[in-house]
Structure formats: C-alpha cells, structure tokens
Amino acid sequence: PTMAHSKALLVLENFIGGKFVPCSSYIDSYNPSTGDVYCRVPDSGKEEVEAAVKAAKDAFPIWSSKNPLERSQILNKLADLIERDLEAFAQAESKDQGKTITFARTVDIPRAVHNFRFFASSILHHVTECTEMPAMGCVHYTSRAPVGVAGLISPWNLPLYLLTWKIAPAIACGNTVVAKPSEMTSVTAWMMCKLLEKAGVPPGVVNVVLGTGAKAGEALVCHPEVPLISFTGSTLTAQRITEKSAPHCKRLSLELGGKNPAIIFDDADLSQCIPTTVRSSFANQGEICLCTSRIFVQRGIYSEFLKRFVAEAKKWKTGNPSDPTIDVGALISKEHLEKVRNYVKKAQAEGAKVLCGEGVDPLDLPPGNQKGYFMLPTVIAEVKDGSCCMQEEIFGPVTCVVAFDTEEEVIKRANGVKYGLAATVWSSNVGRVHRVAHRLQSGLVWTNCWLVRDLNLPFGGMKASGIGREGAKDSYEFFTEVKTITIKH
C-alpha cells in the first residue's frame with residue numbers, strides 16, 4: 001500500500017514487557033462488513049515470542065509471590081477500566097469481527113468484564129485439603145502454586161470474551177502469560193493492553209504477541225519454557241498443538257468445535273422453544289462453538305415447528321453491523337463465507353431442501369456493505385444424518401432440521417457425530433429431560449433454555465470437542481500445580 005493509504009489504517013503493535021513494540025512485518029486485517037483492509041497486524045514469529053516469554057519469566061517471581069487479594073484487586077481494577085470504555089470496545093469488536101454492535105455491547109464486552117470480576121472473586125475462595133493419620137502420627141495437606149508462563153491462544157469469534165476467559169484465571173492464580181489472539185481480530189486485545197499499567201498489572205505479567213497460528217502460535221506452542229497451553233479453536237489446530245507440545249509434555253486445555261443438537265419433543269413449549277432455537281442457531285452469525293446446528297423435532301410437531309421456525313428466522317435482519325436494529329452481521333472473512341456457502345450447495349446437491357436464506361431469499365444490503373461477507377440465516381430440511389452438513393462443524397448461520405420418532409432413536413442420532421460440546425433438550429416432561437440429559441455425550445446440556453452460564457461450573461466438551469474443563473474450580477486446577485506435603489509429628 002502507498003504511504004497515503006497506510007496512514008488511514010490502524011497499525012497494531014505487540015505488547016511485551018509492559019511496552020508496545022513494533023514488528024518488522026505486518027499482515028492485513030479486513031473489516032468484514034465492507035471487505036476493506038482497515039488494520040495492520042504484526043506478523044510475529046519466533047523472535048517476538050522469545051522476547052515475550054523472557055518478559056513473562058522475568059515477571060513471574062514478583063507476580064506469583066503477591067497474595068491472592070492483591071491480584072484480585074488488580075483484576076477488579078482492570079474490569080472497571082474495560083467497563084468504563086465499554087462503548088469503544090464494543091464498536092471496535094463489531095468493526096473488527098463483523099458481529100452486530102448490539103451483540104458486542106450486550107454479550108462480548110460485558111462478559112469480558114465479568115470474566116475478570118469473576119476470577120478476581122473466585123481466587124479468594126479456594127481451599128486446600130488436609131487429612132490426618134493418627135496411627136502413623138502424620139498429617140497430610142496440599143498446597144497449590146502457579147505453574148509459570150501460560151501460553152494462551154484464542155479465536156476470532158468472541159475475541160475479547162474468550163481471551164479474557166483465559167487471561168483472568170491464569171493471572172489470578174499467579175501465572176504470567178503470553179497470549180496470541182487471532183490475527184483476524186486483534187484490535188480489542190491491543191486496546192486492553194493499553195489499560196494494563198493503569199490497572200496495576202506489572203510489566204511482563206501479560207504479554208500479547210499478534211500474528212498467525214502457523215508462525216506466532218507455533219513458536220509459542222513449541223517454546224520449552226511455556227509449560228501450559230490453553231487453546232480455543234478448531235479440532236484440526238488442536239491436533240497440531242498436541243503433536244508439537246508432546247515432546248515437552250505440556251499441560252493442555254483444548255476447547256474445540258461442536259455439532260450441537262437441539263432435541264425438541266412433542267410436549268415442548270413452542271412459544272419459548274422457537275425464538276430461543278432461532279437465537280441458538282443464528283446468534284453471532286452462527287459463529288459460536290455452542291450454536292445449534294442440528295435440530296431434531298418429534299414427528300407429531302415437525303411440520304408446525306418447521307413452518308413457525310422458518311417464519312421466525314426470516315424476521316432476522318442481516319446488514320450493517322453498526323446498525324442497532326440488525327440481528328445478523330458479517331461473517332469473519334471472504335474464505336469463511338465461501339466455505340459456509342459451499343455447505344449449503346452440498347446439501348442441495350444431496351437433495352436436501354433449503355427453506356430460507358442462502359440462494360432462496362434476496363440479500364438486500366446497504367450501499368456501503370455490498371462487498372461485505374454477509375449471509376442470511378439459512379434453514380435446511382430433509383438432510384440425511386450422514387451428510388457433511390449433519391456431521392461437520394459449519395460455523396455459520398446454517399441449521400438443519402430433521403424429524404424423529406422415539407426418544408431412544410433421537411439419543412442415538414444426536415450422539416452420532418464426532419463432537420460432544422453442547423446440546424439442548426426441549427420438553428415439559430421432567431423425567432424425560434433428566435433421562436435424555438444423562439445419555440447425551442455432551443459436556444453441557446441445556447433444557448428449555450440456551451446459553452445460560454454459571455461460570456462456577458465446568459465448561460468444555462467430550463470426544464472431538466476438546467480436553468479439560470474451565471470454570472472456577474477447573475481453571476484453578478489447570479493453572480496451578482498441586483503438592484502433597486506430609487508432616488510427621
């Protein structure tokens with residue numbers, strides 16, 4: 001780009017040892033709603049990661065020796081500062097990611113604030129264990145200590161939300177971190193770095209290295225002095241992380257994809273079920289690992305459900321994310337939009353019916369958004385269980401609706417994918433709700449609701465949806481080493 005061109009662009013820098021550091025090379029980041037380059041992101045690699053790990057190691061002795069209350073106060077201060085700038089963060093997240101301003105304002109940024117407050121509080125309430133052995137004259141107790149430098153790799157769908165869900169417990173426990181957000185959505189991470197000093201976070205405690213997974217991510221995963229990696233993203237990348245970290249025996253927490261079923265029995269309250277299932281299918285353009293992408297409806301209510309569901313989906317407005325009346329923003333990238341559209345084409349080729357959305361309804365965009373990466377909420381019916389649309393994570397505003405007859409059959413079909421992250425069950429029969437919830441191979445089961453979260457409780461998936469859990473107790477266990485001490489008296 002010419003100098004005049006690059007003047008208008010936002011240029012991000014790495015944050016290492018409490019200072020912003022320019023990089024020797026940069027990559028372009030696009031505004032998904034216009035298709036234009038609007039930001040340059042450092043293309044970091046080994047060198048930058050090396051500097052960040054060194055800064056984190058140097059900061060570790062002082063940070064880890066602070067008492068939990070001191071760390072708690074700093075986390076709370078950081079939460080206050082992000083909350084103070086909530087509107088600026090929401091605007092940036094919407095522009096960078098393509099999500100609607102409404103979603104960024106009501107979900108992403110408030111949750112990022114809550115992540116810091118939650119772990120600031122929970123760190124004060126953990127207790128260690130103690131047992132006595134009177135016959136041996138011994139007492140055993142456990143103590144927990146931070147692990148060291150944590151490598152944190154977060155995705156592009158909920159950028160600040162998922163980055164802070166890792167940073168907060170890592171530093172609350174006394175670790176120092178090197179974080180690598182997605183190169184497609186690095187702006188809010190960079191904005192957060194500007195607040196760290198003011199919050200009282202010592203230099204080197206939080207380092208942010210921006211760049212691609214192949215270069216910066218790989219350097220972080222392969223670094224011998226980063227004993228622990230927390231990653232949210234695709235199963236494919238997780239396989240690579242597992243292979244690369246194996247020689248160092250690293251501790252891994254992997255939160256991966258989903259192919260989440262909604263099971264709707266004929267005694268479901270459709271007045272609640274339909275709007276919630278539209279939301280669970282299309283919220284954040286369907287770019288949430290917890291989104292519903294397979295809807296199983298009991299045959300007796302199948303046609304009524306389908307009619308009402310499609311009508312409701314068609315009410316969702318797609319367009320300029322900064323317009324507060326819009327429900328569906330832009331997808332993250334041109335490549336991703338192409339991938340999602342191809343799934344719809346494949347379904348049609350296999351004989352499935354596209355009832356609304358992609359290729360069926362006209363997409364009407366404002367003049368400034370014609371080149372953006374938009375897609376209408378799309379509902380597909382009559383699709384076979386073995387089809388790629390029913391087996392693979394699409395991660396876009398696409399959901400498949402199929403009929404089922406019996407409870408036994410639907411459990412088997414719902415479990416018939418490689419993933420096991422989240423599921424929703426809709427029924428007014430309490431016994432059935434419990435039975436089905438117990439038998440679904442899924443880390444989370446919501447019944448008669450969706451995305452109601454208590455951060456105290458374990459979050460994570462089974463099968464190809466990941467390894468490990470996150471939450472008050474779970475994150476504490478992941479980000480600390482436990483030691484058993486025996487005293488003979």
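The values are calculated or read from the model by the stated rules, or taken from the named source; none is laboratory data. All values reported here derive from a predicted model rather than from experimental measurement. Note that we place each Cβ from the backbone using ideal geometry, even for glycine, and neighbour counts take in every protein chain shown. SASA here: full protein model, heavy atoms, side chains in, ligands and nucleic acids out. Shrake-Rupley method; radii C 1.70, N 1.55, O 1.52, S 1.80 Å.
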Once Lys and Arg get +1 and Asp and Glu get -1 on their Cβ, which of G319, C23, I82 lies farthest toward the positive end of the dipole of the chain? C23
When ligands, DNA and RNA are left out and all protein chains stay put, how many square angstrom of accessible area per residue does region 260-447 have with a 1.4 Å probe? 40
Hey, got the dipole for the chain? About the Cα centre, +1 on K and R Cβ, -1 on D and E Cβ, debye to the nearest 20? 380
Amide hydrogen neighbours beyond the local backbone of N260, cut-off 5 Å, H modeled: S293, R294
Quick one: which of 164-177, 81-94 comes out on top by average Cβ neighbours within 10 Å, and what's the full order, highest first? 164-177, 81-94
Separation between Cα centres of region 315-370 and region 208-256, rounded to whole Å: 32
Measure off, as a whole percent, the carbon and sulfur share of the 1.4 Å-probe accessible area of the chain, all protein chains present. 56
Could you tell me which residue out of G359, V482, L210 lies farthest along the dipole of the chain toward its positive end? Charges go on the beta carbon: Lys and Arg +1, Asp and Glu -1, centred on the Cα centre. V482
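DSSP H helices in the chain with Cα extent of 30 Å or more along the helix axis and mean Kyte-Doolittle hydropathy at least -1.0?
none
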Rounded to whole angstrom, the alpha-carbon centroid of region 83-150 lies from that of region 425-482 at a distance of 17
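Suppose accessible area is computed on protein heavy atoms with a 1.4 Å probe; arrange Y26, Y476 from highest to lowest.
Largest accessible area first, the residues go Y26, Y476.
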Once Lys and Arg are counted +1 and Asp and Glu -1 for all other residues with Cβ under 14 Å from that of A330, the total becomes -2
Kindly provide the helix-only [θ] at 222 nm of the chain, computed as the sum of -39,500 (n - 2.57) over DSSP H runs of four or more divided by all residues, to the nearest 500 deg cm²/dmol? -12000 deg cm²/dmol
Contact order relative to length of the chain, as percent, for alpha carbon pairs under 8 angstrom and 6 or more apart: 19
